[in-house]
Amino acid sequence: MADKHKIIMDVDTGSDDAVALILAMLDDTFDLLGVTSVGGNLEVKLTTENTLRMVEFCEKQDRVGVYRGADLPLVSTLLPTTAQSQLPLPRREGVSVPEGLHHAAHIPTPKFTIKEQDDCAVVWLIHTLRAAGDGEITLVAVGPLTNIALAVRADPRIVPKVKELVIMGGAEQYAGSNSMCAEFNAWVDPEALEIVLQAGFKTTLVPLDATFSAYITPSDAERIRAVGTPQADMLADLILKYGTASMLKGIDPEGETHIPIHDALALCSVRYPQVLKRKAACCHVDISGGHAYGQTILDRRRGESAPEPNCEFAFGADRELFLSWIVDVLTKAKGE
Ligand code: RIB
Ligand code: CA
């Protein structure tokens, strides 16, 4: 087999992060070195717990360590005037665990045989990346960029160690559910994304424009479930439960709900770069604290005044390739 992709995932495990984590642990072309958690979908205590449950569910606790990271963003919660000052997202009273996994029905009762590692996320990221060779590790960031920003500010020497930084974040033609124009990961910590975009990584942005075009439908979810394994069942449940999220309700009352499994598409692009329709772009983040706080903005100047690109921006995706990757990984794992 060709060399595996050495990857680190930074997650704020909710349902679509959980789908990406399971696929990262099942796809044998990936060598998942570890997972760092961050506050975002939920407070970091819960995103860490949810991540531990996914590692336990895939029985990878002997290989995959989980490292707790930042609970709050760098700046955005400090001002009482910003919507982010309500973060972390309050735990819904009376909602039992599995918090943040949208009540996926088949998550086994947590045994919690595994605990988070002693090192915090930023310390482990810096140590692991510094010990690696240049361009050896791919970083897949699918939550707010707080941990990555802290790590690169603390030790910029990690930049050449990262083969590619794949970020699920940003948007051009869409918005998330908390802002009139910003995607959630960017909205939670706008300054962190801007720091990361300016840090010099080889960055691929996987924004809502791509993830919404690679949607999964409920009948696709049943096709996934038909693989007939506990992991397939779990993925189908997570996908269907994510589909009940507020941002998707009523989008297409006639047709099937289009469910964007954002984080899994970001991971898929590591194995299949061609899954993304992409263009070189100069992208920055509105950190001015107004209505557009957290919006990702593409610099549209052309010709001699065109700026240097700082990322590849995915404006679309190949839905069929994404879906067939999911089914293939599950099918191959079944045969093992
Ligand atoms: O906007 C979608 C992103 O925000 C996904 O990563 C989801 O898990 C949340 O973190
Ligand atoms: Ca996420």
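Classified by the C-alpha gyration tensor, the chain has a rounded form. Its axis ratio a/c, with a ≥ b ≥ c, is below 1.5.
For the pair D28 and K4, the difference between a 0.36 nm per residue extended length and the Cα-Cα distance amounts to 7.9 nm. Pairs with C-alpha atoms separated by more than 30 Å, drawn from the list K163/K241; K60/K277; K4/K279, are K163/K241; K60/K277. When the chain is treated as a GNM with alpha-carbon contacts under 10 Å, the residue of S305, S37, S179 showing the greatest mean-square fluctuation is S305. Among complete DSSP H helices in the chain, those whose alpha-carbon atoms stretch at least 20 Å along the helix's long axis and whose mean Kyte-Doolittle hydropathy reaches 0.0 are 319-335.
Provide the net charge surrounding P160, with neighbours chosen by a C-beta distance below 14 Å and charges set as Lys +1, Arg +1, Asp -1, Glu -1. With Lys, Arg at +1 and Asp, Glu at -1, the neighbours total +1.
Only Lys, Arg, Asp and Glu count, each charged at its Cβ (+1, +1, -1, -1), so figure out the dipole size of the chain about its Cα centre, rounded to 20 debye. Don't skip to the end; give the middle numbers.
Details: 31 positive and 46 negative charges, 55 e Å.
My answer is approximately 260 debye.
Measuring nothing but how far apart in sequence close Cα pairs (under 8 Å, 6+ apart) lie, relative to its length, the chain scores a relative contact order of 19 percent.
Cross-link partners of K6 among aspartates and glutamates, defined as those whose alpha carbon lies under 15 angstrom from its own and excluding same-chain residues fewer than eight positions apart: D27, D28, D31, D134, E136, E164.
For D62 and V159, compute 0.36 nm times the residue count separating them, minus their Cα-Cα distance, and round to one decimal in nm.
Taking 0.36 nm per residue and subtracting the Cα distance, the gain is 32.1 nm.
Extending 7 Å from Cα along the Cβ direction at K277 and again at S177 yields two label points whose distance is 2.7 nm.
Among 181-193, 286-298, 203-215, what's the highest-first ranking by average C-beta atoms within 10 angstrom per residue?
Working: 181-193: 28.1, 286-298: 18.5, 203-215: 24.8.
Top to bottom by mean Cβ count within 10 Å: 181-193, 203-215, 286-298.
Rounded to whole numbers, the Karplus 3J(HN,Hα) couplings from phi for the range 286-301 are 6, 10, 8, x, x, 4, 9, 3, x, 5, 8, 10, 8, 6, 9, 5 Hz, using 6.51 cos²θ - 1.76 cosθ + 1.60 with θ = phi - 60°, and x at Gly and Pro. Towards the positive end of the charge dipole of the range 123-253, with charges on Cβ (+1 Lys, Arg; -1 Asp, Glu), say which of G176, T138, G228 has the farthest Cα. After comparing all options, I get T138.
Full extension of the chain between Q198 and R302 gives 35.4 nm of extra length, using 0.36 nm per residue less the Cα-Cα distance. The residues neighbouring K334, those whose beta-carbon lies less than 12 Å from its own, together hold a net charge of -2 under the Lys/Arg +1, Asp/Glu -1 convention.
A short reminder: the numbers here are calculations on the coordinates, not readings from a lab. Worth saying up front: this structure is predicted, and the values here are computed from it rather than measured. Methodologically, a virtual Cβ is constructed for each residue, glycine included, from the backbone with ideal geometry; neighbour enumeration extends over all protein chains shown.
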